[in-house]
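The values are calculated or read from the model by the stated rules, or taken from the named source; none is laboratory data. Being a predicted model, the structure only gives us computed values, none of them experimental. Glycine also receives a Cβ, built like all others from the backbone with ideal geometry; neighbour counts cover every protein chain displayed. Remember, those area values only see protein heavy atoms, side chains included, never the ligands or the DNA or RNA. Shrake-Rupley method; radii C 1.70, N 1.55, O 1.52, S 1.80 Å.
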Amino acid sequence: MMERQGFYFYRHNRLVQAGGWNNFRQPDQHLALTRISIDLPDDSRDVFRLSVKKEGVEMSPEVVVALEDARDGDGRLFTEYLTDGETTYREARKTSGTIRKPVIPPGKGIDASVRETIEEELPLIPGEDPISVRWQTLDNSAFFELDRENRTIHLNQNYRAAILGGRKGTLNDAPLLKSLMYLLLHQLFEKEYSGKREKDNLQLWQAVMVSAARAELERVADGE
C-alpha cells in the first residue's frame, strides 16, 4: 500500500508515524516495499518535531536536503537504497504470475513521464505505431473521436479550456485525462472494426463524458 511506504519514526520504542515521505518525495507504487525505520533521539527538536496533534513527525528542510547525500554504514547512498527498492518491487511483480496483455504504445500528446510508466508497466506490441492524443474541434455532442487510420484519439477542443481550468494548453497538457482516455480506448485500435458491445460502450462513454465536460463549462461560467 502506498500510504505504508516511507519513514517509520519511533520514540522510546513507541511508533509515532507509520509511513510517508515527509516532503522528501512523492509516494510511488514501485516503492511499496520500501520502509525506513528512524529512532528519534531526545535532543532532535531542531530537525524532528512531533506534529501538533502528535500523530506524525515534521522534518526540517535541512534533513530533506541531507537525505540526498546520506549513506549507510557500507557507503551506499540513501537514493541507491530507494532504487534497489524499486528494482525489488519490479522483480517481484515479474515472478508473481500476473501476466498483462501487450498494448499498442502511447505516443504524442501524452506526457513523457506517463508514457514511460505505461511502457514500464505493460508489455508493448512490437512494430506498432503509437497512439496519439490530440485536441480537435468536434461537434459538441462528442467528447472524443477515434481516428483508427492515423492512430489518434481526438478530444473536443471546445471543452479544452474547461478541462484545463484556465491553464495554458500545450502538446502534453491534461495528463490525467489523456492517460485515462488512452487506458479506456487503446484496445479499440487493435481491431479494424468495433463490435456491437464496443459500439455500445463508446456511446455510453461519450454520453457520460460530454455530460461531465458540460458540467465543467457551467462551473467555469459560474466562476466556481
Looking only at residues that are open to solvent by less than 90 Å² (accessible area, probe 1.4 Å) and without any contact (Cβ under 8 Å) to a residue 24 or more places away in the chain in segment 213-224, which one is nearest to residue 141 (Cα to Cα)? 215
Positions within segment 159-195 being touching a helix residue (DSSP H, G or I) at 6+ places or on another chain (Cβ under 9 Å), under 20 Å from residue 146 (Cβ atoms) and among the small types (Gly, Ala, Ser), in sequence order: 174, 179, 194
Could you tell me whether any residue of segment 61-82 is surrounded by fewer than 18 Cβ atoms within 10 Å (Cβ to Cβ), among the polar types (S, T, N, Q) and closer than 30 Å to residue 188 by Cα? no
Within segment 23-35, does at least one residue satisfy the condition of being closer than 17 Å to residue 61 by Cβ, surrounded by 18 or more Cβ atoms within 10 Å (Cβ to Cβ) and aromatic (Phe, Trp, Tyr)? no
Among the residues of segment 179-201, how many are in contact (Cβ under 8 Å) with a residue 40 or more places away in the chain and either part of a helix (DSSP H, G or I) or crowded, with 17+ Cβ neighbours inside 10 Å (or both)? 9
Verdict on residue 174 being within 23 Å of the chain's Cα centre (by Cα) and either open to solvent by 70 Å² or more (accessible area, probe 1.4 Å) or farther than 20 Å from residue 104 by Cα (or both): yes
